[in-house]
1. Identify, from the list Leu112, Leu79, Leu93, the residue that is closer than 28 Å to Glu13 by Cα and in contact (Cβ under 8 Å) with a residue 40 or more places away in the chain.
2. Output the residue which, of all residues in the range 106-135 that are of a type in the set (A, V, I, L, M) and out of contact with any Leu (no Cβ under 8 Å at 6 or more places or on another chain), is farthest from Gly302 (Cα to Cα).
3. Would you mention how many residues in the range 446-469 are surrounded by fewer than 21 Cβ atoms within 10 Å (Cβ to Cβ), of a type outside the set (Gly, Ala, Ser) and closer than 22 Å to Leu15 by Cα?
4. With the range 46-102 as the region, which strands (runs of 3 or more DSSP E) entirely inside it contain at least 2 residues that are at positive phi?
5. Residue check: is Phe155 within 15 Å of the ligand (Cβ to nearest atom), hydrophobic (A, V, I, L, M, F, W, C), buried (at least 22 other Cβ atoms within 10 Å of the Cβ) and farther than 22 Å from Leu476 by Cα?
6. Working only within the range 164-199, note down all residues that are in a helix (DSSP H, G or I) and within 16 Å of the ligand (Cβ to nearest atom).
7. Looking at the range 275-302, which of its residues are within 16 Å of the ligand (Cβ to nearest atom) and at positive phi?
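The values are calculated or read from the model by the stated rules, or taken from the named source; none is laboratory data. As the structure is a prediction and not an experimental result, all values here were calculated from the model. Please note: Cβ atoms are built from the backbone with ideal geometry, for glycine as well, and neighbour counts cover all protein chains shown. Side chains included, ligands, DNA and RNA excluded: accessible areas come from the protein's heavy atoms. Shrake-Rupley method; radii C 1.70, N 1.55, O 1.52, S 1.80 Å.
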Amino acid sequence: MAARASSTGASAENLMRGLFPGARLIVAANRAPYRQAAGLHGEPRWERPAGGLTAALDPLMQRFGGVWVAAQPGSAQELSVPPEEPRYQVEVLGIHPEVYRAYYSGYANSGLWPLCHNLVERAHFRPSDWIAYRQVNRLFAERIAEVARPEDIVFLHDYQLAMVPGYLRGLGYSGPIAHFWHIPWPPTVVLRLLPERRLLLQGLLEADWLGFQTEDSVDAFASAARKELGARVLREADGIRLLYQGRMTSLAAVPISIDAARVEEIARAAVTKERIEKFRAHLGLEDSALLLGVDRLDYTKGIPARLDGFARMLARYPSLQGKVQFLQIGVPSRREIPDYRRLAAAVRRRAQDINRRYGKPGWRPVRLIERNLRLDQLVALYRIADIAVVSSLYDGLNLVAKEYVAARVDNGGALCLSETAGAYQELRDAFPLSPLSPERIAEGLARALFASEEERTRRMTALRAAVARNTIDTWLGRVVQGLRSAVPQLSGENATPV
Ligand code: F6P
């Protein structure tokens, strides 16, 4: 297995082996990184879901091995993955469809998701959804407690599983628990709209280490724990610790990343060059620039305002008409939820309106592709996109921004990035976007489009250095180091210095 460099110079693998000898990674996340479905004629067909979390963690699991616990409606599955060359196990809990709906579409995605993105009017907290949420979290905890040994690392993910640390301790699990919150943690005034906020905070504080994407989220969590539970906040040289009911929990801002080496490898591959030529011809790019958006069709991503901003730019700079096109990849997402169906319809309408208004024979300003593309296809698109547009209203991080940068092995292209996406904290050399107003978006896009070659190269070179400084391995190294210092009871017994 290839070990890669972390921020400390040691590889994540060495760190893990040195700090937690004999440990396996027991990951738990709502979604499994692979799904086995039935094909048209009943033959098994493998699917890979869209979304940053699975894309980021799968390469790590492939390198480290271990077990990934996930959930789905219907029957349970046990899979050895990746299918072509199995390296780790996936255990999918089968949940009664009604319970799953109330937990996933209900509490997690109609409650916590909009609330954590500060979109308070979209958030609904139904008591029956809360019951289902706890029920599924308990099932996760029971399965993890069966699988994990005390010397393993239990690594939990995201807002779907906030109660799992508490339930695991209740079941007597005493090994190290890390929990990473992939989305923003909201300010306390917003969190107060959540009826069960104290129970969620208490559940999370049973973990030894809690990771967030940004300092803002760390501060907001610490402040909520203090104001809502009376936890003591201890600011120490290596970060913040919270003391609550005799238990200490470390907090850290550790932005997640991508397998940058893998993206670069794909970007340089001969087959990608062929694909680039095909895509160019298909899109008719001989004489026009390409703007690219890649998002799940989610209302937090700011897609309608982005397309409106593109249209404003066409109106303001008529010379661009016929010379630029916007390709939006919209990955279908959470379609059981009416807000998501409305958003997808609004994006479709926007694309049609703009095409009707500005299109002319031989030039379609906006193309919308509503499906999930494979990473190798995306990388080819990243290579030909003059501008990647990430204009989320709020975003925990946004890995598309990092993937685009990693794919630009030619130091070309330009990234327009929302200042409210977590990734902006690391990628300050992007062209900034203010995501709410189409006027401002038009300005931001035009600025990137008209920037000198020199400025674009300078920015991209700096962005590439930022992505290289923090890859998915660096991230895991930081998680493991943070967890290790959060569980001092291990010290001197079986851990070796690295
Ligand atoms: O980052 C938030 C998140 O829910 C992740 O857990 C997941 O990668 C992504 O969004 C996709 O969401 P879903 O699993 O609901 O399709």
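1. Details: Leu112 fails: closer than 28 Å to Glu13 by Cα; Leu93 fails: closer than 28 Å to Glu13 by Cα.
Checking each option against the conditions leaves just Leu79.
2. First, the residues of the range 106-135 that are of a type in the set (A, V, I, L, M): 108, 112, 115, 119-120, 123, 131-132.
Add one more test, that the residue is out of contact with any Leu (no Cβ under 8 Å at 6 or more places or on another chain), and what stays is 108, 131-132.
On the way: Ala108: 20, Ile131: 32, Ala132: 30 Å.
Per the stated criteria, the residue is Ile131.
3. Matching residues across the range 446-469 total 1.
4. Once the strands (runs of 3 or more DSSP E) in the range 46-102 are filtered for at least 2 residues that are at positive phi, nothing remains.
5. Working: within 15 Å of the ligand (Cβ to nearest atom): yes; hydrophobic (A, V, I, L, M, F, W, C): yes; buried (at least 22 other Cβ atoms within 10 Å of the Cβ): yes; farther than 22 Å from Leu476 by Cα: no.
When the stated conditions are applied, Phe155 does not pass them.
6. Start the filter on the range 164-199 by keeping residues that are in a helix (DSSP H, G or I), which leaves 164-170, 188-191, 197-199.
Val164, the sole residue that qualifies.
7. At the first step, the residues of the range 275-302 found to be within 16 Å of the ligand (Cβ to nearest atom) are 294-302.
If the condition is that a residue be within 16 Å of the ligand (Cβ to nearest atom) and at positive phi, then Gly302 is the only one that fits.
Conditions (1) surrounded by fewer than 19 Cβ atoms within 10 Å (Cβ to Cβ); (2) closer than 21 Å to Ala421 by Cβ, marked per residue:
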residue: Leu204; (1), (2): no, no
residue: Leu229; (1), (2): yes, no
residue: Leu242; (1), (2): no, no
residue: Asp259; (1), (2): no, yes
